[in-house]
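Right, one structure below, let's go through it.
Here, each number is a calculation from the coordinates, and none is a lab measurement. As the structure is a prediction and not an experimental result, all values here were calculated from the model. No Cβ is skipped: glycine too gets one built from the backbone with ideal geometry, and neighbour counts run over all protein chains shown.
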Amino acid sequence: MHSDARVHRQTSGALERGYRGVAASRDLRLIAAVTVLGVLQASSDYLKKRKIDNARLNAEHLLAHLLDRKRIELYLEFERELTETELAPLRDLVRRRGEGVPLQHLLGTVEFCGLTILCDQRAMVPRPETEELVELLESRIENRESRIVDVGTGSGVIALTLAAKFPETEVYALDISEDALALGRSNAERLGLTERVHFFKSNLLQNISERFDLIVANLPYISMQDRQSLSSEVLHDPAIALFGGARGDELIRDLIEQAPPHLQSNGLLALEIGVGQSEPLREFLVEKNFHDIESKKDYSGTPRFFFARYG
């Protein structure tokens, strides 16, 4: 057997035992050299067996986080030997990732539209589709001094990104969850945006009286009936951030009804929606006298966003 393959096999077995229990320290000490490359291979194998997508990428992110390196820097340190002090916390991270804990929760941050955002169990992990929503909004914000409100802000990603991209706007961020608001405020402080983004507790728009040029929302849109079909990873997000009701679109409909008195003349409502909700919500927008209704698909080809004006 080739020596590299033999070392990988030994390393993989030792780490696997380490992930399973207290024998980890003893098992790893039996290995003469546990290198960055060997540990990455063993961690990837472990995650693959547990059906984690992009297992190697996950392993690289976790090890880079632990070693306080950029992921690309690991490639320059493949032969570096790791100590037991470094391996012990890595085993815990990999074990939890294998159990379905989101990678972003383990790392504590997520990249969103070029910003590094704090991310934990207090709010939903931001999805790539929501980055698409922000990108689509950039060309639709014509007044650089717009007043904007992000409804159901969660960790604040939409509100904070728009505030960073449009420095002259006034941005409000609303959520019904105190935990989510606390996380959002921490992100605003981290990004130096505490004076620009105003966080308020509100059930949709019920607790505010202001009028806005733009109301944007990525509200919970999953049906309670679909709970059993969700992965354990998705279910680590707060239920209040996932489920919109029996159908899934109830909160979106409530917001559509509440929005008109809070929109300036010809103001814009921007929504992220769930699969299969496009046509019923288009009809509802027409019924509520919105105009210039525009549907956009996400990168996977699913109708995912609505833009509609009122007044």
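Tabulated data for the structure shown
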item	result
5 angstrom amide H check on Leu263, placed H, neighbours 5+ away	Phe212
For Phe199, distant residues with modelled amide H under 5 Å away	Ala173
Spin-label pair Asp92/Arg56, simplified geometry with 7 Å Cα→Cβ offset, distance in nm	2.9 nm
In Hz, Karplus ³J(HN,Hα) per residue of segment 200-210 (6.51, -1.76, 1.60; θ = phi - 60°; x = Gly, Pro)	9, 7, 7, 7, 6, 9, 5, 9, 10, 10, 5
Cα centre as origin, Lys/Arg/Asp/Glu Cβ charges: the chain dipole, Debye	1160 debye
Backbone HN-Hα couplings from phi across segment 119-131 [Karplus 6.51/-1.76/1.60, Hz, Gly and Pro as x]	9, 8, 6, 6, 8, 5, 5, x, 9, x, 4, 6, 4
Built amide H within the under 5 Å cut-off of Arg304, gap 5+	Lys296, Lys297, Asp298
Signed unit charges on C-beta, dipole axis of the chain, positive-most listed residue Ala164, Val149, Gly100	Gly100
Computed [θ] at 222 nm, helices only, for the chain once each DSSP H run of length n ≥ 4 contributes -39500 (n - 2.57)	-12000 deg cm²/dmol
Check: segment 181-289 dipole with +1 on Lys, Arg Cβ and -1 on Asp, Glu Cβ, in debye	260 debye
Folded to 0 to 90 degrees: helix 36-49 orientation relative to the chain principal axis, Cα	60 degrees
Burial ranking of peptide ranges 45-51, 230-236 (average Cβ count within 10 Å, highest at the top)	45-51, 230-236
Phi-based couplings in Hz for segment 69-85 (Karplus 6.51, -1.76, 1.60; Gly and Pro marked x)	10, 6, 4, 5, 6, 4, 5, 8, 10, 4, 8, 5, 8, 9, 8, 4, 4
Relative contact order (%) - the chain, alpha-carbon pairs under 8 angstrom, separation at least six	12 percent
Selection from Pro280, Gly248, Gln225 lying farthest towards where the dipole of the chain points positive, charges on Cβ	Gln225
